Amino acid sequence: MPDAERKYENLTACFVALICVLSTAQEADSFDLGDDARASFASKKYPADLPSRAIGTATCGCLAGGKELRSDSPYWQIMRPSRNRIWAHPSLIGYIERLGPRAAKVGWPGLLIGDLSMARGGPMPSGHASHQRGTDVDIWLTPAPRHSLSEKARETLNAASVLKIDTAELDLSIWTPAHADFVRAAAQDENVARVFVTPAIKKYLCACKDKNAADTNWLRRIRPWEGHDDHIHVRLKCPEKDPCVEQEAPPEGDGCGEELRQWLAKTAADPPYKSKAVEENPLKEPFALNKMPAECIDVLNAYP
Ligand SMILES: [Zn+2]
């Protein structure tokens, strides 16, 4: 064998040996059932190199083969990119790609996208109880500007509440018919299971619904929930064939009757009304990975 080739062979052998050492080190670093679930999932910056699957429930689950939502499109901009909560099941990426042009058509200039999921889903150390399996996204109720926001602006701009200060009522100097059209468009997609909004938004949508319209399914999907006054939270149905646990469907009907009345009474009597105050992570106590679906350990331990 010529010298040059022998050198190449030796180098290749060294390289292979190095890879073996590195992968052994990686295995030694594997997660087990007793590890803290939030810290374990938060430590993974890249998705599991596995086929895409949404696993478990939105509040106790994880994401295999997550896909990154690209940071810019003519139709959306990602906010708080430093959080690295930009990962989703492909069905959610597809939803955002459909919603962008549809929202533009009804006069909403662009989507400001908040949190999706962490790289492998799972429970977040802060901010949400759900968003764990790549099927949930927050979209701001602030329309996007025409220009591309700077990195600094994406980290520092705040979403504006649509509620009047210190009330649970819509501020009609902020809330516009375009807001309503945007929320309707977000809920009209057949893949949507729920859209969480502050109860005053549901009240507005109920008041202006077309009484003759045959399709009120979208209104049924709009779910009043405290917080959600500066963003909407969209949850998709489980992707077909995934080991994903579907939440019970919202009650029959458009949800504009007694249930809404109860929510309005509850929120009116229960300050604070706003997302910043309400949306603290209720998962305060540490909990171990053994509380999660077994497949989530494989997701954590998968390459890379
Ligand atoms: Zn959310």
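The values are calculated or read from the model by the stated rules, or taken from the named source; none is laboratory data. Just so we're clear, the structure is a prediction, and the values are computed from it rather than from any experiment. Ideal geometry is used to build each Cβ from the backbone, glycine not excepted, and the neighbour counts take in all protein chains shown.
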message: When you scan segment 109-129, do you find a residue that is closer than 19 Å to Val197 by Cα, of a type in the set (D, E, K, R) and either outside any loop (DSSP other than H, G, I, E, B) or in contact (Cβ under 8 Å) with a residue 12 or more places away in the chain (or both), even just one?
response: yes
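Conditions (1) of a type in the set (A, V, I, L, M); (2) in contact with a His (Cβ under 9 Å, 6 or more places away or on another chain); (3) outside any helix (DSSP H, G or I), marked per residue:
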| position | (1), (2), (3) |
| --- | --- |
| Val195 | yes, yes, yes |
| Lys203 | no, no, no |
| Asp215 | no, no, yes |
| Ala249 | yes, no, yes |
task: Please work out which one of (1) assigned to a strand (DSSP E or B); (2) away from the ligand (no atom under 16 Å from the Cβ) is the condition Leu219 fails and give its number.
output: (1)
task: List every residue pair whose Cβ atoms sit under 7 Å apart, with the two residues 6 or more apart in sequence or on different chains, where the first one lies in segment 222-233 and is at positive phi and the second, anywhere, is among the β-branched types (Val, Ile, Thr) and within 12 Å of the ligand (Cβ to nearest atom).
output: Gly227/Val278; His228/Val197
task: Report, by residue number, each residue of segment 51-80 that is within 27 Å of Asp36 (Cβ to Cβ) and of a type in the set (Val, Ile, Thr).
output: Ile55, Thr57, Thr59
Residue match in segment 65-86 (condition: away from the ligand (no atom under 16 Å from the Cβ), under 21 Å from Ala54 (Cα atoms), touching a residue at least 24 places away in the same chain (Cβ under 8 Å) and part of a strand (DSSP E or B)): yes
field: Options Val183, Val192; residue that is modelled with pLDDT of 95 or more, under 13 Å from the mean Cα position of the chain (by Cα) and within 16 Å of the ligand (Cβ to nearest atom)
entry: Val192
- prompt: Can you name every residue in segment 69-89 that is in contact with a Pro (Cβ under 8 Å, 6 or more places away or on another chain) and either modelled with pLDDT of 95 or more or under 19 Å from Lys237 (Cα atoms) (or both)?
  reply: Tyr75, Trp87, His89
message: For segment 132-152: of the residues being of a type in the set (S, T, N, Q) and crowded, with 18+ Cβ neighbours inside 10 Å, which is farthest from the ligand (Cβ to nearest atom)?
response: Thr142
message: I'm trying to understand the selection: among the residues of segment 105-131, which are in contact with a strand residue (DSSP E or B) (Cβ under 9 Å, 6 or more places away or on another chain) and more than 11 Å from the ligand (Cβ to nearest atom)?
response: Gly110, Leu111, Leu112, Ile113, Met118, Ala119, Arg120, Gly121, Gly122, Pro123
message: So in segment 153-178, with the set limited to residues that are of a type in the set (Ser, Thr, Tyr) and away from the ligand (no atom under 16 Å from the Cβ), which one is nearest to Gly100 (Cα to Cα)?
response: Thr176
Where a residue in segment 191-205 is among the aromatic types (Phe, Trp, Tyr) and its partner, wherever it lies, is within 16 Å of the ligand (Cβ to nearest atom), with Cβ under 6 Å and at least six apart: Phe196/Arg223; Phe196/Trp225; Phe196/His228; Phe196/His233
